[in-house]
Number of protein chains: 2
Amino acid sequence: MRISELSKRSGVPVATLKFYIREGMLPRGEAVSATNAEYGEDHLARVRLIAALSDVRGLPLSRVREILALIDEPASDPVDTLGRAVGALPPYVEEADDYPRAREAIERAGLTYEPRFAAVPQLESAIRAIEDAGLRWDPAVLRRYADAMREVAREEVAPIGDMTVTDAVVYAVLGTALYEPVMLALRRLAHHHLLVSGKVPPPEA
Amino acid sequence: MRISELSKRSGVPVATLKFYIREGMLPRGEAVSATNAEYGEDHLARVRLIAALSDVRGLPLSRVREILALIDEPASDPVDTLGRAVGALPPYVEEADDYPRAREAIERAGLTYEPRFAAVPQLESAIRAIEDAGLRWDPAVLRRYADAMREVAREEVAPIGDMTVTDAVVYAVLGTALYEPVMLALRRLAHHHLLVSGKVPPPEA
């Protein structure tokens, strides 16, 4: 397809596509004449990935580049590659040598504590925010979320074993970036439904 | 306590506390002399709420004000009050008259479709992002998340029946704002754990 068609199918303006090409984020199309190049389905998938990360989830271009680099040249360990790719997604929180709150919670939940993995400082920062707000960080609450997320994660991760590392990185990054908002909206909708439907008594008027 | 102690206990600088007071977000303390005022536990709770919303979750002050107004003067319907308060939290997405993708998903999940409730446009926008990325929005995936969130929500909403509307608004807003990051970090940690522990095969190297 020509660049105009690539723009139409991806919803990304031609000027932006040219910017991605200049920045080395999108490979050049195959030249068919002095002024025209031909783009394929791989280009479309790449543009959609960049757009989902930068426009929808608001990632800085430096983080998008990090993810693209891992797709183009995965690290030697596949799990490490996935961890680094997902770690390029927000939220971006302060790093430290140790994360005592997260460590305790992760061990209690029977998960793996690996401080290099970005979700560890993210959990530390989330627990600290709860404490700072004067709320109690309760092991029963941890169990509630950890059990639900383990259940969800098992199904999500299952298809990865049949993928190449490159496909797995795209799957993990898009799955994380695009399904998080779905899950959060559904949680709010479930609260709302339980109260509106009278399945749970509302607060006293 | 004096304002210096309020600052110490909340971790919010005195200058910021004075700003909150000038802006009418934090009630003045009780004057004990021409230059000193006394603050109580209610002030501390209010400061922690404002800080959690504006500093931790990055809400614009106009949205924090909306939530404080609902706490100080709840609407006549308690469930409506809660819906509006939670609706002041991010993400902020485009509004429309109808949300066909969200409507179908909500009906399929057995939840309540009420387009005024902010999580409805949030879900619409999340599903549209999945489609735009060229991924299939799959009813089986919807069920996975809806079931998990319904389970989580049931326990979360249960205590609300014994609360005043004011307490319920604080509970719902802080519970939504502060536990969302916990849940998302645990989901990423569960993925990571399943792959690192070999419970699920990693991608081909």
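The values are calculated or read from the model by the stated rules, or taken from the named source; none is laboratory data. Computed from a predicted model, the values in this text were never measured in an experiment. Note that we place each Cβ from the backbone using ideal geometry, even for glycine, and neighbour counts take in every protein chain shown. Accessible surface is based on the protein model in full, side chains and every heavy atom, while ligands, DNA and RNA are left aside. Shrake-Rupley method; radii C 1.70, N 1.55, O 1.52, S 1.80 Å.
In the range B:194-201, the condition of being at the interface with chain A (Cβ under 7 Å from one of its Cβ atoms), part of a helix (DSSP H, G or I) and open to solvent by less than 40 Å² (accessible area, probe 1.4 Å) is met by at least one residue. Pairing each residue of the range A:110-132 that is part of a helix (DSSP H, G or I) with any residue that is among the β-branched types (Val, Ile, Thr) and open to solvent by 40 Å² or more (accessible area, probe 1.4 Å), provided the two are 6+ apart or on different chains, yields C-beta distances under 7 Å for A:Pro121/A:Val93; A:Gln122/A:Val93; A:Ser125/A:Val93; A:Ala129/B:Val56. Does the range B:98-115 hold any residues that are closer than 19 Å to B:Ala129 by Cα and charged (D, E, K, R), and which are they? Result: B:Asp98, B:Arg101, B:Arg103, B:Glu104.
Here A:Ile67 does not qualify as within 30 Å of A:Ser4 (Cβ to Cβ), at pLDDT 95 or above and within 11 Å of chain B (Cβ to nearest Cβ).
Out of A:Ala75, A:Ala15, one residue alone is more than 16 Å from the chain's Cα centre (by Cα), outside any helix (DSSP H, G or I) and free of Cβ contacts under 8 Å to residues at least 12 places away in the same chain. It is A:Ala75. Restricting the range B:124-152 to residues that are closer than 14 Å to A:Val152 by Cβ and facing chain A (nearest Cβ under 7 Å), the residue that is surrounded by the fewest Cβ atoms within 10 Å (Cβ to Cβ) is B:Glu151. For the range B:1-12, residues that are in a helix (DSSP H, G or I), basic (Lys, Arg) and over 15 Å from B:Leu49 (Cα atoms) total 1. Checked against the criteria, A:Asp80 does not count as part of a helix (DSSP H, G or I), charged (D, E, K, R) and more than 20 Å from A:Ala168 (Cα to Cα). Here B:Gly175 meets the list (1) facing chain A (nearest Cβ under 7 Å); (2) open to solvent by less than 50 Å² (accessible area, probe 1.4 Å); (3) out of contact with any Leu (no Cβ under 7 Å at 6 or more places or on another chain); (4) within 30 Å of B:Arg48 (Cα to Cα) almost entirely, failing just condition (1).
Across the range A:91-101, what is the total count of residues that are of a type outside the set (Val, Ile, Thr) and either under 23 Å from B:Leu49 (Cα atoms) or facing chain B (nearest Cβ under 7 Å) (or both)?
4
Of all residues in the range B:26-44, one or more are touching a Gly at 6+ places or on another chain (Cβ under 7 Å), assigned to a helix (DSSP H, G or I), under 20 Å from A:Asp132 (Cα atoms) and within 14 Å of chain A (Cβ to nearest Cβ).
Looking only at the range B:18-43, filter to residues that are farther than 15 Å from B:Ile71 by Cα and in contact (Cβ under 8 Å) with a residue 24 or more places away in the chain; which one of those is surrounded by the most Cβ atoms within 10 Å (Cβ to Cβ)? Among those residues, the one meeting the criterion is B:Tyr39.
Of everything listed in (1) outside any helix (DSSP H, G or I); (2) open to solvent by less than 10 Å² (accessible area, probe 1.4 Å); (3) among the β-branched types (Val, Ile, Thr), the single unmet condition for B:Val169 is (1). The residues on offer are B:Glu151, B:Glu155, B:Glu204, and the sole one that is closer than 23 Å to A:Val173 by Cβ, among the acidic types (Asp, Glu) and touching a helix residue (DSSP H, G or I) at 6+ places or on another chain (Cβ under 9 Å) is B:Glu204. Counting the residues of the range B:88-108 that are open to solvent by 40 Å² or more (accessible area, probe 1.4 Å), assigned to a loop (DSSP other than H, G, I, E, B) and touching an Asp or Glu at 6+ places or on another chain (Cβ under 7 Å) gives 0. Against the criterion of being crowded, with 22+ Cβ neighbours inside 10 Å and over 18 Å from the mean Cα position of the chain (by Cα), B:Leu111 qualifies. Does the range A:77-85 include one or more residues that are more than 9 Å from chain B (Cβ to nearest Cβ), of a type in the set (Lys, Arg), over 30 Å from A:Asp138 (Cβ atoms) and touching a Ser or Thr at 6+ places or on another chain (Cβ under 9 Å)? Scanning the range A:77-85, I find no residue that is more than 9 Å from chain B (Cβ to nearest Cβ), of a type in the set (Lys, Arg), over 30 Å from A:Asp138 (Cβ atoms) and touching a Ser or Thr at 6+ places or on another chain (Cβ under 9 Å), so the answer is no. For A:Val157, are the conditions met, namely being open to solvent by less than 10 Å² (accessible area, probe 1.4 Å), out of contact with any strand residue (DSSP E or B) (no Cβ under 6 Å at 6 or more places or on another chain) and within 19 Å of B:Pro202 (Cα to Cα)? So A:Val157 passes the test.
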